[in-house]
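*Asks:* Provided herewith is a single structure, encoded as structure tokens, for subsequent inquiry.
The values are calculated or read from the model by the stated rules, or taken from the named source; none is laboratory data. Just so it is clear, the structure is predicted and the values come from calculations on it, not from any experiment. Because the Cβ atoms are built from the backbone with ideal geometry, glycine has one as well, and the counts that use them run over all protein chains shown.
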Amino acid sequence: MSEGTRIARRFARLREQGRGGLVTFLTAGDPDAETAMAMLNGLPAAGADIIELGMPFSDPMADGPSIQASSQRALAAGQTMEKTLAMVTAFRERDPETPVVLMGYYNPIYVYGVAAFLTDAKAAGVDGLIVVDLPPEEKDELCLPAKAAGIDFIFLVAPTTDDARLPLVLQDAGGFVYYVSITGITGTASAATADVDAAAARIRRHTDLPIAIGFGIKTPDQAAEMAAIADAAVVGSALVNRVADNLDESGTARPGLVDDVLGFVSALAGGVRGGTKGNAA
């Protein structure tokens, strides 16, 4: 892990502070471009240590109903890959240090063109990619080109990823390891603490990369618990649900949407910052 990357610097800073981090996920362009940009700009001050920005896609098969709906809202509002990259560019004009990771599926990147996408993503200030439908066996498609372009490719590790497969998954991984704490789709059940603790310890035997735990984290207490076990907690569906809860009958953002979402991020951040760091690498 290069100490020169934003992601590496952020995790080093978290270690210095003796705490885990908060990774927040929102879908680019949801529910509309202006509202989404206001939320993105407000995330660092609200307490997000790393930002995952979803690339809207029409068939997000690993995601539950909440994030599926957020993708549909964004696409209906006209969000494109070009606009998503433009959001990162605009964000970077205000914030040069908070890491931004694009998360989604390979199809929109393939359609954009891998070389053009990586060039434009790097220029925009993207730090990492999570592409959930590209396994390590397909690393030549995007992982290795991203690595060559100076963009971390972040792999998912699941409860079903055994010790025989972990070295393959982690061989070219960068940034951090995203541990999917449950089997299934986003926004459903929450994992048992003991199971996550054991999984994090097992992953650490294979890599020095930081570990972020996601799927099923819905409250400040849960975020604090998971960030204390690993290096960061990822909250996505709970934030996307907050967006949906602040839409009127026509799907238009109510006036208090941005403040409500960022207020919830602040509560999550307060939980994480109040937690006791346990097994940080």
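*Asks:* Could you check the range 139-162 and list, in sequence order, the residues that are of a type in the set (D, E, K, R), closer than 19 Å to A116 by Cβ and free of Cβ contacts under 8 Å to residues at least 12 places away in the same chain?
*Replies:* D140
*Asks:* Could you identify the single residue in A146, A164, A158 that is of a type outside the set (D, E, K, R) and at pLDDT 95 or above?
*Replies:* When all the criteria are applied, what remains is A146.
*Asks:* Yes or no: the range 215-236 includes at least one residue that is part of a helix (DSSP H, G or I) and without any contact (Cβ under 8 Å) to a residue 12 or more places away in the chain.
*Replies:* Checked the range 215-236: no residue is part of a helix (DSSP H, G or I) and without any contact (Cβ under 8 Å) to a residue 12 or more places away in the chain.
*Asks:* Right, something else. Which residue out of L239, L209, L247 is surrounded by 22 or more Cβ atoms within 10 Å (Cβ to Cβ), in contact (Cβ under 8 Å) with a residue 24 or more places away in the chain and farther than 24 Å from R9 by Cα? Before the answer, list the steps.
*Replies:* Working: L209 fails: farther than 24 Å from R9 by Cα; L247 fails: surrounded by 22 or more Cβ atoms within 10 Å (Cβ to Cβ).
Going through L239, L209, L247 in turn, the sole match is L239.
*Asks:* Taking into account only those residues within the range 1-36 that are assigned to a helix (DSSP H, G or I) and of a type in the set (S, T, N, Q), which is nearest to L102 (Cα to Cα)?
*Replies:* Here is the first cut: in the range 1-36, the ones assigned to a helix (DSSP H, G or I) are 6-17, 33-36.
Applying the additional criterion that residues be of a type in the set (S, T, N, Q) yields 17, 35.
Working: Q17: 26, T35: 18 Å.
The residue in question is T35.
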